[in-house]
1. Restricting to the range 206-250, give me the number of residues that are assigned to a helix (DSSP H, G or I) and of a type in the set (Val, Ile, Thr).
2. What's the total number of residues in the range 46-91 that are in a helix (DSSP H, G or I) and either assigned by TED's automatic domain parsing to the domain that holds Asn150 or within 13 Å of ligand 1 (Cβ to nearest atom) (or both)?
3. Is it true that some residue in the range 178-192 is β-branched (Val, Ile, Thr), within 16 Å of ligand 2 (Cβ to nearest atom), closer than 23 Å to Leu13 by Cβ and in contact (Cβ under 8 Å) with a residue 12 or more places away in the chain?
4. Go through the range 49-59 and give me each residue that's within 12 Å of ligand 2 (Cβ to nearest atom) and surrounded by 15 or more Cβ atoms within 10 Å (Cβ to Cβ).
5. Being modelled with pLDDT under 95 and outside any helix (DSSP H, G or I) is true for just one of Gly203, Gly145. Which residue is that?
6. Taking Ala210, is it at pLDDT below 95 and either under 16 Å from the mean Cα position of the chain (by Cα) or surrounded by fewer than 19 Cβ atoms within 10 Å (Cβ to Cβ) (or both)?
7. Tally time: how many residues in the range 110-142 are among the charged types (D, E, K, R) and within 13 Å of the chain's Cα centre (by Cα)?
8. Scan the range 155-175 and give yes if some residue there is crowded, with 18+ Cβ neighbours inside 10 Å and in contact with an Asp or Glu (Cβ under 8 Å, 6 or more places away or on another chain), otherwise no.
Amino acid sequence: MRYKSTSIKSKWLKTKWLLRAAKIRSYVPQTLLFSRSSLGSMLSRYSTVYFKPTGGTGGFHIVRITKAGNGYQTQHNSAKKRFPTRDALYGHLKKRAKGRSFLMQKGIKLAAANGRPFDIRVMVQKSVGGVWKSTALFTKVGRPGKVATNYHQGGDLGYFQQTMSKAGFSKSRIKEKEAELKRLGTSVGRLFDKRISGFRELGLDVALDARGRAWILEVNTRPQFYPLRRMNKSMYRRIMSYARKYGRKG
Ligand SMILES: Nc1ncnc2c1ncn2[C@@H]1O[C@H](COP(=O)(O)OP(=O)(O)O)[C@@H](O)[C@H]1O
Ligand SMILES: [Mg+2]
């Protein structure tokens, strides 16, 4: 994909940027670089912790860690494993990491629509005039029994309002959340611009917890949207009309 928009792979660097902005910080679930001691402090604070590659994408290599009895359980895709002690768990994760950098993040219990957990993609793009705009909002509805909602993990794309309504949010609450997420998208765009120049598009992965509070799981700098082409042509065309201006072809 050779087009003009800055790309940053490190989720850790991007998370640090988010944490530096007072208005955005409260949207970021606690995140630490994986180490023996950070694993300990995350597990003492949260009942669920996500373990994910700092440079990962597509929902691959994501492990959910939960407490089970006196020990711990991990889940990768749909495979579960148990570990009697924190040391055994650490050893397993360390082996999985194979020397690559991983993050640990507070687990958010995703809101669910018809029993299927989902998260939200906020597509943010910069106009030729330099103004950030949230150009699309859609949901990624996870396949039951999986750890990640990504399209590459069998997740389905959905309409924001429809998914939210299935999840039990009222019409007025849905409108309120839509406005909040769009504002959040443009704030993140402006923030990223202050760090490095040349961003033209961002895709925020935002989780809603059962109470409807929004959490930024990650910010993609090479967001995919080709699956939208099949779901909703007008949404796809709107994104593409911005994307063509920076040389993106699809
Ligand atoms: N902290 C978390 N709490 C709950 N679910 C998470 C968390 N982190 C990741 N996930 C799940 O895994 C998916 C992929 O994680 P993400 O951070 O977006 O990495 P990737 O770059 O692989 O898409 C998310 O869309 C979400 O479904
Ligand atoms: Mg993602």
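1. The qualifying residues number 1.
2. Taking the range 46-91 as the starting set, the residues that turn out to be in a helix (DSSP H, G or I) are 86-91.
In the following step, the residues that additionally are either assigned by TED's automatic domain parsing to the domain that holds Asn150 or within 13 Å of ligand 1 (Cβ to nearest atom) (or both) were identified as none.
Here the count works out to 0.
3. So far as the range 178-192 goes, yes, one or more of its residues are β-branched (Val, Ile, Thr), within 16 Å of ligand 2 (Cβ to nearest atom), closer than 23 Å to Leu13 by Cβ and in contact (Cβ under 8 Å) with a residue 12 or more places away in the chain.
4. If the condition is that a residue be within 12 Å of ligand 2 (Cβ to nearest atom) and surrounded by 15 or more Cβ atoms within 10 Å (Cβ to Cβ), then Tyr50, Lys52, Pro53, Gly56, Thr57, Gly59 are the ones that fit.
5. Result of the check over Gly203, Gly145: Gly145.
6. Working: at pLDDT below 95: yes; either under 16 Å from the mean Cα position of the chain (by Cα) or surrounded by fewer than 19 Cβ atoms within 10 Å (Cβ to Cβ) (or both): yes.
Criteria met by Ala210.
7. So in the range 110-142, the residues among the charged types (D, E, K, R) come out as 116, 119, 121, 126, 133, 140.
Now restrict to residues that are within 13 Å of the chain's Cα centre (by Cα): 119, 121, 140.
Total satisfying the criteria: 3.
8. yes
The values are calculated or read from the model by the stated rules, or taken from the named source; none is laboratory data. Owing to the predicted nature of the structure, the values given are computational and were not obtained by experimental measurement. Methodologically, a virtual Cβ is constructed for each residue, glycine included, from the backbone with ideal geometry; neighbour enumeration extends over all protein chains shown.
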